[in-house]
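Worksheet: one structure, shown below.
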Amino acid sequence: MNDISELREIVRLTRQYLERLVGDGFSHVLLGATPGESGKSGPHAEPSEVIQPITVKPQLRKENGMERAMEEIRNRVDGCRKCGLAKTRKKTVFGSGSPRASVLFIGEAPGAEEDRQGLPFVGRAGQLLTKMLAFIGLKREDVYITNVLKCRPPGNRDPQPDEVACCEPYLLAQLDIIKPRLICALGRHAAQTLLKTEEGINRLRGRFHDYHGIKILPTYHPAYLLYSPGDKDKAKDDLSKLRAYLDESS
Ligand code: URA
């Protein structure tokens, strides 16, 4: 074998080896020597020690991909100046929870505490939301929680149509990454905005609707329930329906 054909053979075998690694689910190859059984490293390492795959299982890669995609959208939201709320917000409130969640909870917009912390539903309404989740056996980390608007409207005024229009692509991007089995719209504003209807929450709640091909179940907003505890039983009925749907469709 001359030098060229030897080189070709090395390239062919290396390619074959790398293709096998990719097929086995490895995504990275650490080039350079690592200590092997011989204990030698650096230029004197055994040839078999030179290429060390880092084990990244395909499933994990997929999960990392989801997280990376979420981070990319989060960065866009952080730098967003599409509407006037960019001037008044303290922090953007992107969302929290698992990108692999089966159910996505969508509220209206961050309040004062959420604006301060950069996290959704962390004020009094958020504490009640945590209890509502517990009622159907879910923890916050089992679900994903976000809002129609990612920035707080000053004084908690209602979101304006132009603000909703600017923010909707971020919500749709989150939806596309999470691909939940079910969405729960929290309160009148979220339900009316997502469903593009003016029907009241009393008529919308407790029924399944469609949002971009995904089932959506509106219920009362936890902030409303803090002031109208008499409606908590109806919210419990809605949540039980949500739970039953998740159980049936799993
Ligand atoms: N109300 C909402 O709609 N969202 C929050 O994040 C907090 C309160």
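The values are calculated or read from the model by the stated rules, or taken from the named source; none is laboratory data. Please read all numbers here as calculations on a predicted model, not as lab measurements. All Cβ positions, even for glycine, are placed from backbone atoms using ideal geometry, and neighbour counts span all protein chains on display. When the accessible area is computed, the model is the full protein with side chains, heavy atoms only, and any ligands, DNA or RNA have been set aside. Shrake-Rupley method; radii C 1.70, N 1.55, O 1.52, S 1.80 Å.
See the values below:
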{"item": "Selection status of ASP162, within 14 Å of the ligand (Cβ to nearest atom) and more than 18 Å from the chain's Cα centre (by Cα)", "result": "no"}
{"item": "Number of positions in segment 106-131 that are within 13 Å of the ligand (Cβ to nearest atom), of a type outside the set (Gly, Ala, Ser) and over 17 Å from PRO159 (Cβ atoms)", "result": "10"}
{"item": "From VAL122, VAL77, residue being β-branched (Val, Ile, Thr), assigned to a loop (DSSP other than H, G, I, E, B), on the phi < 0 side of the Ramachandran plot and touching a helix residue (DSSP H, G or I) at 6+ places or on another chain (Cβ under 6 Å)", "result": "VAL122"}
{"item": "TYR245 being of a type in the set (Ser, Thr, Tyr), touching a strand residue (DSSP E or B) at 6+ places or on another chain (Cβ under 7 Å) and in a helix (DSSP H, G or I)", "result": "yes"}
{"item": "Among the residues listed as ASN147, ASN156, the single one being near the ligand (Cβ under 10 Å from one of its atoms) and open to solvent by 60 Å² or more (accessible area, probe 1.4 Å)", "result": "ASN156"}
{"item": "Every residue from segment 87-128 that is closer than 22 Å to LEU195 by Cα and open to solvent by 20 Å² or more (accessible area, probe 1.4 Å)", "result": "SER102, GLU108, ALA109"}
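Residues checked against (1) surrounded by fewer than 23 Cβ atoms within 10 Å (Cβ to Cβ); (2) aromatic (Phe, Trp, Tyr); (3) within 16 Å of the ligand (Cβ to nearest atom):
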| residue | (1), (2), (3) |
| --- | --- |
| LEU171 | no, no, yes |
| GLN192 | yes, no, yes |
| HIS209 | yes, no, no |
| ILE216 | yes, no, yes |
